[in-house]
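Engineer: Got a structure here, written out as structure tokens. Questions coming.
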Amino acid sequence: MREFFHRKIERTAIGFVLAIIAAASVGGIVEIAPLFTIQETVEHAPNMRLYTPLELAGRNIYVREGCYACHSQMVRTLRDEVERYGQYSLAVESKYDHPMLWGSKRTGPDLARIGGKYSDYWHVAHLHNPREVTPESNMPAYRFLSRTPLETATLQSDLNAMRSIGVPYTQEMIDHAVKDAEAQATPDSENAANLLKRYGEKTQVSAFDGVTTQLTEMDALVAYLQVLGRLVELPAKQAASQPSERAP
């Protein structure tokens, strides 16, 4: 009976097309329908701050260099993952990520909670020569980032593009994008206070690459790595999925 039906529908072009449309529609509904209730599944985080211009530039460099191909940014709700990387990821943490960088391959460790775990110096040393700090690493070196001046001419356009797709950057943030990027990598800058007013007191201001005389791509990438997992205040560590303990 199956063979008969299969041969019959293959001989009927219109029927075969309708069957394809029906199958594709089911898949489309399964993927699209949950989007109508997405507000009910994303946690509310009123204190979540935005990426600064420097951090956003670092994120763009992270994407450009393909770092997402080897590093995921999503801690699953599994006990071993939580014990290794920290609290499992919340949907709200990716609220302003366009595109999202959850990833699925871990040639290197997950980076969702890397922010603040190591010093700026460690990150710079790791990017210069990964095997200097992690002997078994097969990650390529990114020394050139320290020699490459950060292109700041596009920062305003980058923030404006993010605002056009829902990220709530204000016009003031966009207008001061270049100054804010320079101030974040120059701790003694007069503009650092204004940066903190716009993005919050917890914004890290540091000479990320160890040099304050030039803003480099290394500054931007380290600034981005140091904010991962720190844009929103996470609630107390939640229990991960684990087998229930049976009473003796």
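The values are calculated or read from the model by the stated rules, or taken from the named source; none is laboratory data. Note that this is a predicted model, so its numbers are computed, not measured. Positions of Cβ are generated from backbone atoms using ideal geometry, with glycine treated the same way; all protein chains shown enter the neighbour counts.
Engineer: So which pairs qualify, if the first residue must be in segment 5-25 and of a type in the set (Phe, Trp, Tyr), the second must be surrounded by 12 or more Cβ atoms within 10 Å (Cβ to Cβ) and assigned to a helix (DSSP H, G or I), the Cβ gap must be under 8 Å, and the two must be at least 6 apart or on different chains?
Structural biologist: Matching pairs, first to second residue: Phe16/Ile9.
Engineer: Something else now. Glu132 - would you say it is surrounded by 16 or more Cβ atoms within 10 Å (Cβ to Cβ), in a helix (DSSP H, G or I) and at pLDDT below 95?
Structural biologist: no
Engineer: Let me ask something additional. Which ones in segment 106-125 are surrounded by 14 or more Cβ atoms within 10 Å (Cβ to Cβ), not acidic (Asp, Glu) and not in a helix (DSSP H, G or I)?
Structural biologist: Result: Gly108, Pro109, Leu111, Ala112, Arg113, Ile114, Gly115, Lys117, Tyr118.
Engineer: From the list Glu93, Glu55, Glu83, pick out the single residue that is in contact with a Phe, Trp or Tyr (Cβ under 9 Å, 6 or more places away or on another chain) and among the acidic types (Asp, Glu).
Structural biologist: Exactly one residue qualifies, and that residue is Glu55.
Engineer: Looking at Gly86, Gly103, Gly27 in this structure, which one is of a type outside the set (Asp, Glu) and exposed (fewer than 11 other Cβ atoms within 10 Å of the Cβ)?
Structural biologist: The match here is Gly27.
Engineer: On to the next question. Taking segment 168-200 only, how many residues are more than 20 Å from Ser157 (Cβ to Cβ) and in a helix (DSSP H, G or I)?
Structural biologist: Residues meeting the conditions: 5.
Engineer: Here's something else I'd like to know. Restricted to segment 1-56, and to residues that are under 30 Å from Gln156 (Cα atoms), outside any helix (DSSP H, G or I) and of a type in the set (A, V, I, L, M, F, W, C), which residue is modelled with the lowest pLDDT?
Structural biologist: Out of the qualifying residues, it is Val42.
Engineer: State all residues of segment 26-57 that are in contact (Cβ under 8 Å) with a residue 40 or more places away in the chain and among the hydrophobic types (A, V, I, L, M, F, W, C); if no residue qualifies, say none.
Structural biologist: Across segment 26-57, the qualifying residues are Val42, Ala45, Met48, Leu50, Leu54, Leu56, Ala57.
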